[in-house]
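Notes follow once the structure below has been shown.
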Amino acid sequence: MVAVPLLVAAWLGTAAAWAASEEPKFHDVHFHLTNYVQRGITLSEFLEIAAKDVGRTAVFGIPLQQKWDYFESGDRAPDYYLHSDAALYYYSFVDAIIAEEYQLLPPEDQARFDPMITGFNPTDMYAADHIRRVLEHYPGVFSGIGEFSIHKEFVTSKILGHTASLRNPALDRVLDFAAEVGLVVIFHNDIDVVLPTEAQEPVHLEPVREFFRAHSDATIIWAHTGLGRFVAPAADHVELLDAMLSDEAFSHVHCDLSWDEVAKYIVRDEASLEAWTALLERHPDRFLFGTDSVAPSGRDGYLKTWRDYAPLWDRLSEATLHAITIGNYERIFDEANRKVRAWEAGQ
């Protein structure tokens with residue numbers, strides 16, 4: 001077996017050489033190689049789709065498997081959580097799928113990926129042990145954990161077993177271990193419920209803030225800024241984000257701008273574009289772009305989210321656009337890779 005320090009040096013050298021020779025449009029902080037029934041494409045096929053438009057990609061599967069319950073859907077095989085009333089369950093083998101796909105690549109292609117561990121149950125006190133086990137079994141591969149979900153529209157209620165919660169000590173153990181190792185955390189938690197009560201602060205906002213405060217040693221990326229397909233932004237959503245990102249207590253928290261379902265809120269009208277542009281210009285170091293593409297079948301589908309955000313990109317200064325699409329990703333993941341490889345070397 002090659003010593004971990006040698007793996008670190010090889011990775012850093014290959015990544016630096018690749019970065020110097022390419023000028024991508026963006027790095028993708030949010031990409032699912034597999035879907036809700038663990039089908040998808042290979043990393044080599046993804047590189048053909050991405051071509052030179054995409055530099056590096058934080059790649060992960062879907063941590064949940066949609067059950068095909070014959071008594072619920074008959075011969076109709078669901079492949080998305082909204083296609084069936086049957087349950088979802090955690091699927092740990094997804095981490096092995098991602099790791100072994102990565103290991104099949106030559107070093108110059110490996111340098112374009114930052115794989116993430118996501119096949120753990122955040123309600124299980126053994127979840128942190130799963131993450132440790134994956135790191136030990138696949139040294140030199142993973143950079144972080146996630147995307148994993150706690151409160152997510154129509155998903156949380158479908159998962160078999162105990163309901164995930166921000167107040168579960170099992171989740172605290174996961175974040176504490178991530179901080180110890182240096183793993184990036186990509187975390188999905190809706191800011192509100194699907195049918196919020198009028199004149200009320202978003203239901204999950206304060207619990208999320210409490211969760212962030214409790215884990216100030218972890219590097220956290222809040223997926224979609226808490227929005228979703230059915231969880232729309234409140235009138236003061238941008239102001240709430242601005243207040244949080246302006247507070248030193250949340251200096252370890254970043255947000256991703258991902259998913260075409262979220263882009264529709266941001267680019268929907270002039271007022272929204274102005275508000276989001278001002279927010280990003282005030283906090284250019286706190287946002288990253290991601291497609292949230294799931295096992296795309298072709299280039300057009302994969303790049304849809306990038307195109308959907310184009311009205312926003314057109315308004316940003318060159319420096320802010322570069323930070324969101326390139327610079328912040330490299331800063332966060334380069335640091336994570338150094339820390340994780342060092343932790344692995346010490347085991």
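The values are calculated or read from the model by the stated rules, or taken from the named source; none is laboratory data. No experiment lies behind these values; they were computed from the predicted model shown. Note: ideal-geometry Cβ built from the backbone for every residue, glycine included; neighbour counts use all protein chains shown. In case anyone asks, the SASA skips ligands and DNA or RNA and just uses the protein heavy atoms, side chains included. Shrake-Rupley method; radii C 1.70, N 1.55, O 1.52, S 1.80 Å.
Summary table
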| quantity | calculated |
| --- | --- |
| Restricting segment 170-199 to residues that are in contact with a helix residue (DSSP H, G or I) (Cβ under 6 Å, 6 or more places away or on another chain) and assigned to a helix (DSSP H, G or I), the residue that is surrounded by the most Cβ atoms within 10 Å (Cβ to Cβ) | V174 |
| Residue count, segment 131-151 (criterion: in a helix (DSSP H, G or I) and touching a Phe, Trp or Tyr at 6+ places or on another chain (Cβ under 9 Å)) | 4 |
| Residues that are farther than 18 Å from M125 by Cα and either open to solvent by less than 10 Å² (accessible area, probe 1.4 Å) or in a loop (DSSP other than H, G, I, E, B) (or both), drawn from segment 152-169 | K152, E153, F154, V155 |
| Condition broken by N168, with the remaining ones in (1) on the phi < 0 side of the Ramachandran plot; (2) touching a strand residue (DSSP E or B) at 6+ places or on another chain (Cβ under 9 Å); (3) not charged (D, E, K, R) satisfied | (2) |
| Residues satisfying the stated conditions in segment 132-151, i.e. open to solvent by less than 50 Å² (accessible area, probe 1.4 Å), out of contact with any strand residue (DSSP E or B) (no Cβ under 6 Å at 6 or more places or on another chain) and either at positive phi or not hydroxyl-bearing (S, T, Y) (or both) | L135, P139, G140, F148, I150, H151 |
| Criterion (over 28 Å from N168 (Cβ atoms), without any contact (Cβ under 8 Å) to a residue 24 or more places away in the chain and open to solvent by 10 Å² or more (accessible area, probe 1.4 Å)) met by exactly one of D69, D75, D129, D53 | D75 |
| Lone unmet requirement of (1) open to solvent by less than 10 Å² (accessible area, probe 1.4 Å); (2) free of Cβ contacts under 8 Å to residues at least 24 places away in the same chain; (3) not hydroxyl-bearing (S, T, Y) for P122 | (2) |
| Scope segment 51-83; condition touching a strand residue (DSSP E or B) at 6+ places or on another chain (Cβ under 7 Å) and under 23 Å from V184 (Cβ atoms); matching residues | V54, G55, R56, T57, A58, V59, F60, G61, I62, P63, L64 |
